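Here you go, one structure.
The values are calculated or read from the model by the stated rules, or taken from the named source; none is laboratory data. Being a predicted model, the structure only gives us computed values, none of them experimental. Every residue, glycine among them, receives a Cβ derived from its backbone with ideal geometry; neighbour counts consider all protein chains shown. Note: accessible area is taken over every heavy atom of the protein model, side chains too, but ligands, DNA and RNA are not part of it. Shrake-Rupley method; radii C 1.70, N 1.55, O 1.52, S 1.80 Å.
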Amino acid sequence: MGLLTDNSSKNMTGSFRQRVLLKKPLRVIWAEEDQSESSEGRVLSLFDLICIGVGGTLGSGVFVLTGVIAAQQAGAAVALCWFLSAVACTISALSYMEMSVRIPSGGSCYAYSYAALGELPAVIAAAFLTLEYGISCSAVARSWGDKFVYSTGIEWLEAGQVSIVAGLLTAACMGVLLVGLQLGKRMITFFTVTKVGLVLFMTVVGFMHFSKENFLHPFIPPPGLSREGTPAYGWAGVLRGTSMAFFGYIGFDEVCCLSAQSRNPTRVMPVAVVLTVLITAVLSILAAAALTGMVPYYKMGSDFGFAVALKMNGATWSAAIVEAGELLTLLVVVLVSFLAQPHLQAAMARDGLLPGCFNKHNSKGVLTWNLLITGGVLSTVAMFVPFDNLNDMINAGVLLSLNMTNACVVLLRRRAAWPNHSEERAASRSAGHALAPWLLLLYSVLTALAGLAATKLQQLVVTSFLCGAAAIALGLLIILCPQEKDEHYHGFKVPLEPVLPCA
């Protein structure tokens, strides 16, 4: 009896381990893609996807974060911070470009993780994406509500910790999408074009008041203290500012969550991702240069923005336009973040990880029940939950989802997973390839510890040791786990793999 119990326990343990690490075969993903080719739901063109990406990405980074970085970290070198963070973001974007071709289904990092890592990692990725999409939507709605009440003076819209206007805004986004994706994409296009025009306007006006003395003397201030008394400036400040500016690019991956609604996703998704990053980078760098050219960094405070800089230079009419435009165009960030969340849940419902009602469409292709449930939850969160301490949580979720996508590229390159390959070949991997996930995990842990040692502990010896150990783990990955040749795949590939995804 004891032996039977032991065997039963082992079988249950083994089946549980197999279940949580069960991967979704790529042949199934491509079969679903073939079945949906003629679907009426594919209404998003390349231009629509770029508007969604830029609309969800370009926002508070330009309007708020630029002044914060200049005042607290890098001075006029904030433009350099935006450039360096754009390079880092582009490296992650390369992974999304390849994965959107290999796995052309909705769900972004969730779908990629299900194919490359397994079911449990996919659920974890979905939780990270919910932080980036749903919770971020409520947070931005709450921020917009605070700005609206402050600008209009209608104080009854905010009673204590309750923000009525934030709840109404989130519910309005739900109402727009209940009408249909066509209306949603038209509104996103309108607000995105308006936002880009606003950024160009304030950049041009800023350069009209540009002073070379403010921008170049000095471009990178010497190490010292900011006006708030915190360590700042020098190359250390540039690096800290770069890490802050990276979060100004959050949102470019939202286009990948809508792959199932796009036309010809294997062709347009990579282009949409890279153009989203490039457009955001160019606008952010130019705006940062204009801002620090108008006002010297040592006169900036933690809440310094374009409107204040324009007023200091006498352009009060331009400042009024910027203030009104910032309030108006922030709406598109809420709508884009809301748009991505139901489609993530629909992808999970198709895989049986959420109830079927989340993937139930009406006659117009609208995810009615999904939108109603999502709208109710996010409106409640936006109305009642203050987000003063939630930003770090959202940022951590974003970083982890980016790292998981990079890991998916490395692992899929190391197994015969393309649909035309047989399961027998996929199962006959060498022992070296079986080490790939563990070496990748070791590399990730070591680099995370190195970053902590460098930024928090400021221990050069410890940081150098951890970086060396991480380099050894990466070298072992390259030597022991070579890529498998895939003659059937002809789409975009990340160059210098695995170095760039791991970077």
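Among what's in region 329-338 and is open to solvent by less than 30 Å² (accessible area, probe 1.4 Å) and assigned to a helix (DSSP H, G or I), pick the residue that is farthest from Thr194 (Cα to Cα).
Phe338
Here's another thing I want to ask about it. How many residues are among the aliphatic types (A, V, I, L, M) and either modelled with pLDDT under 80 or surrounded by fewer than 16 Cβ atoms within 10 Å (Cβ to Cβ) (or both) if we restrict to region 30-57?
Number satisfying all stated conditions: 1.
Follow-up question, since we're still on this one. Considering only residues that are over 16 Å from Leu402 (Cβ atoms) and surrounded by 24 or more Cβ atoms within 10 Å (Cβ to Cβ), which ones fall in region 73-102?
Within region 73-102, Gln73, Ala74, Gly75, Ala77, Val78, Ala79, Cys81, Trp82, Arg102 qualify.
Follow-up question, since we're still on this one. Looking for whichever is basic (Lys, Arg) and surrounded by fewer than 19 Cβ atoms within 10 Å (Cβ to Cβ) here; the options are Lys147, Lys185, Lys195. Which one fits?
Within the list Lys147, Lys185, Lys195, the selection yields Lys147.
Another question about this same structure. Take Glu254 and tell me if it is open to solvent by less than 50 Å² (accessible area, probe 1.4 Å), in contact (Cβ under 8 Å) with a residue 24 or more places away in the chain and among the acidic types (Asp, Glu).
yes
So which helices (runs of 4 or more DSSP H) are wholly in region 213-328 and hold at least 2 residues that are closer than 30 Å to Thr405 by Cβ and of a type in the set (A, V, I, L, M, F, W, C)?
234-246, 265-294
Suppose we filter Leu198, Leu216 for residues that are aliphatic (A, V, I, L, M) and at pLDDT below 90; which single one remains?
Answer to the check: Leu216.
Quickly run through region 112-126 and pick out the residues that are aliphatic (A, V, I, L, M) and open to solvent by 10 Å² or more (accessible area, probe 1.4 Å).
Leu117, Leu120, Val123, Ile124
Here's something else I'd like to know. Thr242 fails exactly one of the following numbered conditions: (1) of a type in the set (Ser, Thr, Tyr); (2) surrounded by 22 or more Cβ atoms within 10 Å (Cβ to Cβ); (3) at pLDDT 90 or above. What is the number of that condition?
With (1) of a type in the set (Ser, Thr, Tyr); (2) surrounded by 22 or more Cβ atoms within 10 Å (Cβ to Cβ); (3) at pLDDT 90 or above applied to Thr242, the lone miss is (3).
Across region 100-114, what is the number of residues that are modelled with pLDDT under 90 and part of a helix (DSSP H, G or I)?
3
For Val149, all conditions in the list (1) farther than 20 Å from Ile135 by Cβ; (2) modelled with pLDDT under 90; (3) out of contact with any strand residue (DSSP E or B) (no Cβ under 9 Å at 6 or more places or on another chain); (4) assigned to a helix (DSSP H, G or I) hold save one; what is the number of the exception?
(3)
Working only within region 272-285, note down all residues that are farther than 17 Å from Gly241 by Cβ and open to solvent by 10 Å² or more (accessible area, probe 1.4 Å).
Val274, Leu275, Leu278, Ile279, Val282, Leu283
Here is a follow-up. Give me the pairs: first residue in region 211-234 and free of Cβ contacts under 8 Å to residues at least 40 places away in the same chain, second residue open to solvent by less than 90 Å² (accessible area, probe 1.4 Å) and of a type outside the set (Ser, Thr, Tyr), beta-carbon distance under 6 Å, and six or more apart or on different chains, which are they?
Pro223/Gly234
Right, Val140: β-branched (Val, Ile, Thr), open to solvent by 10 Å² or more (accessible area, probe 1.4 Å) and free of Cβ contacts under 8 Å to residues at least 40 places away in the same chain or not?
no
If you don't mind, there's one more thing I want to ask. Residues in region 471-503 that are assigned to a helix (DSSP H, G or I) and within 20 Å of Val271 (Cα to Cα): how many?
The qualifying residues number 2.
Separate question: Say whether the condition of being of a type in the set (Ser, Thr, Tyr), closer than 30 Å to Val162 by Cα, assigned to a helix (DSSP H, G or I) and modelled with pLDDT of 85 or more is met by at least one residue in region 61-77.
Yes: one or more hits.
Same structure again: What's the total number of residues in region 156-179 that are within 25 Å of the chain's Cα centre (by Cα) and exposed (fewer than 15 other Cβ atoms within 10 Å of the Cβ)?
Looking only at that region, the number is 1.
Evaluate region 345-358: report whether one residue or more is basic (Lys, Arg), over 30 Å from Ile478 (Cβ atoms) and not in a helix (DSSP H, G or I).
No, region 345-358 contains no residue that is basic (Lys, Arg), over 30 Å from Ile478 (Cβ atoms) and not in a helix (DSSP H, G or I).
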